[in-house]
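Scroll down for the structure; my scribbles are underneath it.
Readers should treat all values here as calculations from the given coordinates under stated rules, not as data from a laboratory. Everything numeric here is computed off the predicted structure, so don't read it as measured data. Counting neighbours? That spans all protein chains shown, and the Cβs are built from the backbone with ideal geometry, glycine included.
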């Protein structure tokens with residue numbers, strides 16, 4: 001049972017790009033000390049392997065929940081993925097949650113991987129849950145590939161929650177039918193959150209499930225009294241990197257009902273086309289100053305920014321608007337600790 005003071009609040013480990021993955025150890029410890037309910041890890045294919053970082057975080061905490069947001073269904077063999085998750089589950093006494101995303105289309109292509117459609121996702125979930133419960137997969141030949149015989153041991157009984165990590169309208173409806181929860185995205189507006197919840201609940205209803213049982217976690221970029229550099233690197237650079245990704249920002253624009261022409265003009269601008277990589281990883285401050293002019297303030301305003309009280313009020317408002325959990329992004333636990341003090345006073 002989660003006995004943390006703020007089970008409705010969580011944060012990312014190693015938010016954004018990192019070259020020092022060991023920071024996750026202290027960040028997890030600090031998140032538990034501050035009373036957060038959970039930490040999430042966004043896997044990257046450099047030094048942020050999901051199994052390694054989650055194991056480190058779980059091994060140095062006692063009550064904190066640890067989750068991926070996200071890893072992918074198709075970057076590990078299903079037996080390997082099932083083993084990673086059941087290992088984390090038993091290592092921690094049931095404190096692990098698996099968050100799955102389809103993967104970015106261009107990265108799938110560059111890695112030589114097929115995309116993950118709904119049929120593959122449904123079969124993958126069924127295979128994972130079968131293996132976690134001690135069952136066997138025999139003679140399977142379908143969207144997940146050819147799996148003659150998978151058997152982890154009939155003693156296993158791991159009830160591992162699985163969240164869908166994404167925000168496309170159709171995907172949210174699909175998630176409502178098959179997943180235990182949904183982990184959304186940074187920079188979703190209050191109206192976007194309402195539309196996301198409606199899509200999840202509609203999907204749950206269509207799947208014969210109780211809509212209220214599918215939990216929704218939103219992601220809130222949180223910058224306490226940011227410096228100019230903080231604003232550029234943690235707010236502008238993050239949004240700009242999302243806008244770079246083909247077929248990714250389109251979903252965010254659609255959910256928030258923003259003007260798609262802004263996105264087209266952003267991607268065509270020389271300040272963006274000249275980038276040799278993700279903007280949050282390679283852009284200089286001078287380049288970010290130029291890129292900021294291409295992004296409407298409205299797009300950047302879907303965040304918690306300002307004093308501790310202002311940030312706390314924004315987190316509380318997100319819960320009132322329909323979120324079951326809010327994940328604090330863009331700041332480490334030490335950086336946002338004063339926000340929790342203000343949130344406690346506001347909540348109490």
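On inspection, residue 258 qualifies as closer than 23 Å to residue 183 by Cα and more than 21 Å from the chain's Cα centre (by Cα).
Across the stretch 265-288, which residue is surrounded by the fewest Cβ atoms within 10 Å (Cβ to Cβ) among those that are touching a residue at least 40 places away in the same chain (Cβ under 8 Å) and in a loop (DSSP other than H, G, I, E, B)? The extreme case among them is 278.
Over 17 Å from the mean Cα position of the chain (by Cα) and closer than 30 Å to residue 251 by Cβ: does that describe residue 21?
So residue 21 passes the test.
Is there a residue being in contact (Cβ under 8 Å) with a residue 12 or more places away in the chain, within 21 Å of residue 96 (Cα to Cα) and out of contact with any helix residue (DSSP H, G or I) (no Cβ under 8 Å at 6 or more places or on another chain) anywhere in the stretch 165-173? Yes, some residue in the stretch 165-173 is in contact (Cβ under 8 Å) with a residue 12 or more places away in the chain, within 21 Å of residue 96 (Cα to Cα) and out of contact with any helix residue (DSSP H, G or I) (no Cβ under 8 Å at 6 or more places or on another chain). Looking across the stretch 289-318, the residues that are outside any loop (DSSP other than H, G, I, E, B), touching a residue at least 40 places away in the same chain (Cβ under 8 Å), closer than 25 Å to residue 254 by Cα and out of contact with any strand residue (DSSP E or B) (no Cβ under 7 Å at 6 or more places or on another chain) come down to 291, 292, 298, 299, 300, 317.
The rows are residues; the columns are (1) free of Cβ contacts under 8 Å to residues at least 40 places away in the same chain; (2) outside any loop (DSSP other than H, G, I, E, B).
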site: 4; (1), (2): no, no
site: 29; (1), (2): yes, yes
site: 67; (1), (2): no, yes
site: 75; (1), (2): yes, no
site: 82; (1), (2): no, yes
site: 88; (1), (2): yes, yes
site: 98; (1), (2): no, yes
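Which residues, counting only those in the stretch 28-47, are within 19 Å of residue 219 (Cα to Cα), surrounded by fewer than 20 Cβ atoms within 10 Å (Cβ to Cβ) and within 17 Å of the chain's Cα centre (by Cα)? Hit for the stretch 28-47 is 44, nothing else. For the stretch 244-264, residues that are touching a helix residue (DSSP H, G or I) at 6+ places or on another chain (Cβ under 9 Å), without any contact (Cβ under 8 Å) to a residue 60 or more places away in the chain, over 27 Å from residue 45 (Cα atoms) and assigned to a helix (DSSP H, G or I) total 2.
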